[in-house]
Amino acid sequence: KAGGRNRVVMFEPAMNELLQSRHRIEADLREALRRTDQISVAFQPLVEGRSGRVDGAEALVRWRHPTLGQVSPAQFVPIAEGTGLIESLGEVVLRQACIMGARWPGMTIAVNISPTQLRNPKFPDRVFALLDETGMRPDDLELEITEGILIEDGQVASESLRRFRTAGIKIALDDFGTGYSSLNYLKRYAVDRIKIDRSFVSQLAPDVASTAIVQAMITLAHALGIKTTAEGVETAEQMSALRAMGCDTYQGYLLSAPLSPADVEAVFNRDRNLHLHREAR
Ligand code: C2E
Ligand code: MG
Ligand code: MG
Ligand code: MG
C-alpha cells in the first residue's frame, strides 16, 4: 500500500514534466512552421547495390529550435502527428523534396508520410499539385509509409495508395519487420519496396537469427517483385553480408549521413557515383 502511494508521488513530477515539454514542443513547433528559418530538410543518399551509384535520397525533416538546438524528429514528429501540425510540417517536407526531385530527374526522392496525412482524402491532390507546381516526375517520388496504416485497412488510405500507384508514384514500407509484418499486406497493397529496419541490419553478421530473418525478407520480397533497401548500414561487414543476400539498395552512415540540400546535390553531381568503402578495409 505504502509502496503504491509512493509510486504515485514519484511519477507525478515526471508526468508533469513530460506533459509540459509536449506542450512546449507543440507551441514552439507551431511557431517554427510560421517562420522559414527553423525547419529544414536533410537528404540521405540511397546507394544502389549493383552499380554502387547514388540513385536517390530520403528527405528527413530537421528542426533547429532557437534555444534547444536540433530536436530529433523521433521526438517532434509524433507530437506533430497528435496535434494536426503534421499536415503543414508534411507539406513543407514534400515541397522541398519535390523541388529537389525536379532538379534531379532520374533520382528517387523518398518522403516519409505519416498515417494522419494518408487518412486525409485530400492528400493525393496535394501531392499531385506539388508535382505539377515543381515539375517533378511522379515516378521519381517514393512515399514511405508504415505497416500500421495498412493494418487499419481504411478506405481512404487504400484508395489514395491506388491513386498514387496509378500516377507512377512508388510506395515503400518503412521500418519493415518492426510492426505487424503481415506478409499478406505485401501482396494485397502491392508495395514497390520494403525498407528493412535498422534493428535487423545492426545485428547482422554476429547474430545468426537476424541474418536468417534478413535473408528471408529479401528472398520473399524478390519473389513478390518487391525491391529491398537496408536501413542504418554502418559497417563494411553489414554491407558485405547484405550484398551476399542480394539486397538492392543501401542507406546508412557507412555510405553517407543525411546531408544539406547543397551537399546532397554535390553528391548527386559527382557523376552520381558515391565512393563506396572497400570491403577489405
Ligand atoms: P526513418 O524514416 O526510418 O529514417 C531513418 C532514420 O535513421 C533517420 O533518423 C536517419 O538519420 C537515421 N539513420 C540513417 N542512417 C543511419 C545509421 O547508419 N545509423 C543510425 N543509427 N541511424 C541512421 P531521423 O532523421 O532522426 O528520423 C527519425 C524518424 O523520424 C524517421 O525514421 C521517420 O520515421 C521520422 N521522420 C523523419 N523525417 C520525417 C518527415 O519529414 N515526416 C514524417 N512523417 N516523419 C519523419
Ligand atoms: Mg523513412
Ligand atoms: Mg526507415
Ligand atoms: Mg527505421
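The values are calculated or read from the model by the stated rules, or taken from the named source; none is laboratory data. None of the values given here were measured: they were computed from a predicted structure. So basically every Cβ, Gly included, is an ideal-geometry build from the backbone, and we count neighbours across all protein chains shown.
If you take the residues in the stretch 142-156 that are assigned to a helix (DSSP H, G or I) and within 16 Å of ligand 4 (Cβ to nearest atom), which one is farthest from Thr178 (Cα to Cα)?
Looking at the filtered set, the residue picked out is Ile149.
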Scan the stretch 214-245 for residues that are farther than 24 Å from Arg188 by Cα, more than 16 Å from ligand 2 (Cβ to nearest atom) and not hydrophobic (A, V, I, L, M, F, W, C) and report the count.
6
When you scan the stretch 29-141 for strands (runs of 3 or more DSSP E) that lie fully inside it, which ones turn up with 3 or more residues that are closer than 29 Å to Tyr253 by Cα and within 15 Å of ligand 2 (Cβ to nearest atom)?
39-48, 54-65, 108-112
Of (1) within 21 Å of Pro258 (Cα to Cα); (2) surrounded by 13 or more Cβ atoms within 10 Å (Cβ to Cβ); (3) at pLDDT below 90, Thr36 satisfies all except one. Which?
(2)
Using the structure shown, decide if Glu133 is surrounded by fewer than 19 Cβ atoms within 10 Å (Cβ to Cβ), among the acidic types (Asp, Glu) and modelled with pLDDT under 95.
no
Among the residues of the stretch 167-214, write down those that are closer than 22 Å to Gly252 by Cα, in a helix (DSSP H, G or I) and modelled with pLDDT of 90 or more.
Arg198, Ser199, Phe200, Val201, Thr211, Ala212, Ile213, Val214
Of all residues in the stretch 144-164, which are crowded, with 17+ Cβ neighbours inside 10 Å and farther than 13 Å from Ile194 by Cα?
Ile149, Leu150, Ala157, Ser160, Leu161, Phe164
Thr228: outside any helix (DSSP H, G or I), modelled with pLDDT of 95 or more and among the hydroxyl-bearing types (Ser, Thr, Tyr), yes or no?
yes
Would you point out which residue out of Gly56, Gly52 is at positive phi and under 15 Å from the mean Cα position of the chain (by Cα)?
Gly56
Given the conditions (1) modelled with pLDDT under 95; (2) touching a helix residue (DSSP H, G or I) at 6+ places or on another chain (Cβ under 9 Å), and given that Phe123 satisfies all but one, which numbered condition is not satisfied?
(1)
